[in-house]
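Below: one structure, written as structure tokens.
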Amino acid sequence: MKKKWGITIVVTLAVLAGAALAYRQLSAGNAKETGFLTEAVRKRDIASSVQSTGVIRAKIGAEVKVGARISGRVEKLFANIGDVVKKGQVIARLEQEDLRAKVNEAKMNLKVAEANLDLARKNLQRMQNLYAKDFVSRDKVDVAERDYRAAEAQAHQIMETIRYNEAQMSYATIVAPISGVIASVATQQGETVSASSLNVPTFVTIVDLNRLEVHAYVDETDIGKVKPGLEATFTVDSLTEKDFRGRVSAIYPKATLQDNVVYYITIISIEDPKGSLKPDMTVTATIYLNKKSGVLAVPSKAIKREGGRKAVQVLENGTPVQRFVRTGWKDGSHTEILEGLKEGELVITGETTKAEKE
């Protein structure tokens, strides 16, 4: 009996030992190793800044609506949306037959007027000679002089008519007043347009994509820090991988209200549009108020508060060590370190875990 109990106890202990061993192996297989995300303390440029959103606009004179100054039928249209045009390039032409006919008619009238003027001049000279010899009275000279002045005035009037008609005919050829890109076309070939002093039909809209600027909406709490001449950078939603540079050129004195928040439109001139920017694109702008070059800095997310003091975790020989620091300026992603760290030290910015390989 005692022998049977001894065998039972031995078997039970063996089963428990096997279960414990299996549990330890399973636990070891599921164990996770903790790692750290780090970044070296290094020197960089730090700038205090103002963040804002805005929109790209064409500068004054960089977007032009081109229309017709006279009425007529569009004989030729040489512009399509997206075409690049040069200043002076023909973009449309109206029918000119009736205008040319008026010019030719006026030129024929001028020939008649010049003939009459020549005759009046000869008659005046004749009357003056006869009057000098007392063959005619002074009245005859005065009449001849009057006829000459009238003929001269008529000739000048017809010359002005010719200039006017030629100007009207020149208006039938519409040219680009600036170089740029055709942004819109509001007519078509064969269409008849009607122009008046109150209505100038628009043919096309031309935009010079090299003369754009940013209208940034700066909050009233920050506008006091902004002034012309400050550097700025911005991105557009459709080209997030590109950073564009600019400089504050002007600040609108009148505020604008959006969603019950007061903003001031700040104009940022663009240094190099690169031909990829277009009007009405939405931008995110950063205006740099001041700048420090070559200062020690760490990612702002590495800095924590401990008992009212700022601290970072420094990785020393693979072990995190807390270090208190004194900070300076802060930009969008990094903070200046005045005391507590040396260049090249690794600060912990986060943790990562991974399954341990057997």
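Key figures
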item: ILE270, sole failed condition from (1) under 24 Å from LEU37 (Cβ atoms); (2) β-branched (Val, Ile, Thr); (3) touching a residue at least 40 places away in the same chain (Cβ under 8 Å); result: (1)
item: Flag for VAL50 being surrounded by 10 or more Cβ atoms within 10 Å (Cβ to Cβ), of a type in the set (Val, Ile, Thr), within 60 Å of the chain's Cα centre (by Cα) and at pLDDT 90 or above; result: no
item: Subset of the stretch 282-315 [farther than 23 Å from VAL50 by Cβ and surrounded by 17 or more Cβ atoms within 10 Å (Cβ to Cβ)]; result: LEU296, ALA302, VAL312, GLN313, VAL314
item: Qualifying residue in the stretch 126-138 (condition: in contact (Cβ under 8 Å) with a residue 24 or more places away in the chain and either among the acidic types (Asp, Glu) or surrounded by 14 or more Cβ atoms within 10 Å (Cβ to Cβ) (or both)); result: no
item: Enumerated strands (runs of 3 or more DSSP E) restricted to the stretch 254-329, each holding at least 3 residues that are assigned by TED's automatic domain parsing to the domain that holds TYR217, of a type outside the set (Ser, Thr, Tyr) and under 30 Å from GLY82 (Cβ atoms); result: 261-270
item: Wholly enclosed strands (runs of 3 or more DSSP E) of the stretch 32-111 bearing at least 1 residues under 30 Å from LEU315 (Cβ atoms); result: 32-40, 42-58
item: Residue match in the stretch 166-173 (condition: surrounded by 14 or more Cβ atoms within 10 Å (Cβ to Cβ), modelled with pLDDT of 90 or more, more than 20 Å from the chain's Cα centre (by Cα) and acidic (Asp, Glu)); result: yes
item: Failed condition for ASP219, given (1) out of contact with any Gly (no Cβ under 9 Å at 6 or more places or on another chain); (2) more than 26 Å from LYS291 (Cα to Cα); result: (2)
item: Within the stretch 94-123, considering residues that are free of Cβ contacts under 8 Å to residues at least 40 places away in the same chain and closer than 30 Å to THR187 by Cβ, the one surrounded by the most Cβ atoms within 10 Å (Cβ to Cβ); result: GLU105
item: Residue match in the stretch 212-233 (condition: out of contact with any strand residue (DSSP E or B) (no Cβ under 6 Å at 6 or more places or on another chain), loosely packed, with under 12 Cβ neighbours inside 10 Å, over 19 Å from LYS65 (Cβ atoms) and not small (Gly, Ala, Ser)); result: yes
item: Flag for VAL84 being among the hydrophobic types (A, V, I, L, M, F, W, C) and loosely packed, with under 15 Cβ neighbours inside 10 Å; result: yes
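The values are calculated or read from the model by the stated rules, or taken from the named source; none is laboratory data. Computed from a predicted model, the values in this text were never measured in an experiment. No Cβ is skipped: glycine too gets one built from the backbone with ideal geometry, and neighbour counts run over all protein chains shown.
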